[in-house]
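Read the figures in this text as sums done on the coordinates, not as results from a lab. All figures in this text were calculated on a predicted structure; none of them were measured in a lab. Cβ atoms come from the backbone with ideal geometry, glycine included; neighbour counts cover every protein chain shown.
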Amino acid sequence: MPSYRELLCTKLSTNFREATEIVTHPDLPKANAGHIVVKNKYLGVNATDINVTNGVFNENPPPFGTGLDAVGTVVEVGQGVTEVKVGDYVVYDKFGAYAEYVEVPIGSVHKLPELSPAALPLTVCGISAAGIDIAFETIGGDMFKIVFDNMAIRGRIIVFGTFQSTVATPTLTLHRQCDE
């Protein structure tokens, strides 16, 4: 049975190299029901990796797998998985992606037409705000524009805390005198 390598966080640190260690596992992971095993070809590198290895985005104590997203080839399919087959190319997001082989729940997988690193950003598509149905706006200005630009068609903006006119306020200009 072939072995595989994985990059594990072995201690919490903001220094990624100090926090991690390459570990060799004697056996490949197995695909449980609803999961697949992927042989990784391309891995995403994110600032989030440091936040995970220093404990900001992870409550689990070390050791734990590092990396968030990868592209690879399906090498094993678990019971009940019909969306992909052995040999298909996939992109996925899962903590512990920095390994040669990873067991991945099928719900985290997107099938690809070809094996390409260009697919890595697909794992974060749809995470940022877009198509907002209701937005509460109290700030105005640039923030209002951002909310408006990301509204869903026929979405609603609820605005409160507005005023209809401004009151002229005298401005006092202070001059600092310096002794030379």
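The figures follow:
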read-out	value
About the Cα centre, charge dipole magnitude for the range 4-123 (Lys/Arg +1, Asp/Glu -1 at Cβ), debye	100 debye
Cα convex hull volume per residue for the range 1-67 (Å³)	112 Å³
Percentage, to the nearest whole number, of Cα pairs in the range 4-123 over 20 Å apart	41 percent
Environment charge at residue 62 (Cβ cut-off 11 Å; Lys +1, Arg +1, Asp -1, Glu -1)	0
Residues of type lysines that residue 85 reaches as a straight line, Cα spacing below 20 Å, ignoring anything fewer than 8 places off in the same chain	30, 39, 41, 94, 111
Value of relative contact order over the range 1-72, rounded to a whole percent, pairs C-alpha under 8 Å and six or more apart	39 percent
Positive minus negative residues near residue 36 (Lys, Arg vs Asp, Glu; Cβ under 12 Å)	+1
